[in-house]
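This report refers to the structure that appears directly beneath it.
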Amino acid sequence: MNPRILITAILAVGILSLQAAQAQQEIQRTDLLQKDITVSGKEVVQARVDFNPGATSINHKHPGEEVAFVLEGALEYQLEGQAPVILKAGQSLFIPSGVAHLARNVGEGKASELATYVVSKDATLVEPVE
């Protein structure tokens, strides 16, 4: 393999890892519930996600549907193929299975969401999208 290509690939992976680590420091996820549902092979997962001011999630997707309910602050959601939308406390958004998206705290203080997923069991809940 060409050493230049190898170095470029290593740097790209390092940069993506650093971006993901920085996003995780600014965003805290607290898992609240994980339970089987009556639909074979599916489960519900619920988590609280707290965003520091200015924090942006990585672009990602899920192996099932998500309902995001804003608990506090203002979050901008950008779903693949759609115009960005800003939601404030008390508002919610449906994110279809497999749709790449990201969320950003656009308020001045902390923002939080309650994320509820109906996903395939044993699947990776958050899949990064480049």
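The values are calculated or read from the model by the stated rules, or taken from the named source; none is laboratory data. All values reported here derive from a predicted model rather than from experimental measurement. Neighbour counts are summed over all protein chains in view; Cβ atoms, including those assigned to glycine, are modelled from backbone coordinates with ideal geometry. These accessible areas exclude ligands, DNA and RNA; they are computed on the full protein's heavy atoms, side chains included. Shrake-Rupley method; radii C 1.70, N 1.55, O 1.52, S 1.80 Å.
Tell me which residues, restricted to the range 112-130, are over 14 Å from residue 70 (Cα atoms), open to solvent by less than 60 Å² (accessible area, probe 1.4 Å) and more than 12 Å from the chain's Cα centre (by Cα).
Passing the criteria: 118, 119, 120, 123.
Just give me the residues in the range 112-130 being part of a loop (DSSP other than H, G, I, E, B) and either touching a helix residue (DSSP H, G or I) at 6+ places or on another chain (Cβ under 8 Å) or modelled with pLDDT of 95 or more (or both), in sequence order.
Of everything in the range 112-130, just one residue is part of a loop (DSSP other than H, G, I, E, B) and either touching a helix residue (DSSP H, G or I) at 6+ places or on another chain (Cβ under 8 Å) or modelled with pLDDT of 95 or more (or both), namely 130.
So residue 109 fits all but one of (1) surrounded by 17 or more Cβ atoms within 10 Å (Cβ to Cβ); (2) modelled with pLDDT of 95 or more; (3) not in a strand (DSSP E or B); what number is the exception?
(1)
Being assigned to a strand (DSSP E or B), crowded, with 18+ Cβ neighbours inside 10 Å and either more than 11 Å from the chain's Cα centre (by Cα) or without any contact (Cβ under 8 Å) to a residue 40 or more places away in the chain (or both) is the filter here, so list the residues in the range 52-73 that pass it.
Those that are assigned to a strand (DSSP E or B), crowded, with 18+ Cβ neighbours inside 10 Å and either more than 11 Å from the chain's Cα centre (by Cα) or without any contact (Cβ under 8 Å) to a residue 40 or more places away in the chain (or both): 64, 70.
From 20, 9, grab the single residue that is in contact with a strand residue (DSSP E or B) (Cβ under 9 Å, 6 or more places away or on another chain), farther than 22 Å from residue 96 by Cα and modelled with pLDDT under 95. Give the steps one after another, and end with the answer.
Working: 9 fails: in contact with a strand residue (DSSP E or B) (Cβ under 9 Å, 6 or more places away or on another chain).
Every option except 20 fails the conditions.
Among (1) under 16 Å from residue 57 (Cα atoms); (2) in a loop (DSSP other than H, G, I, E, B), which single condition is residue 82 missing?
Evaluating residue 82 over (1) under 16 Å from residue 57 (Cα atoms); (2) in a loop (DSSP other than H, G, I, E, B) leaves (1) as the failure.
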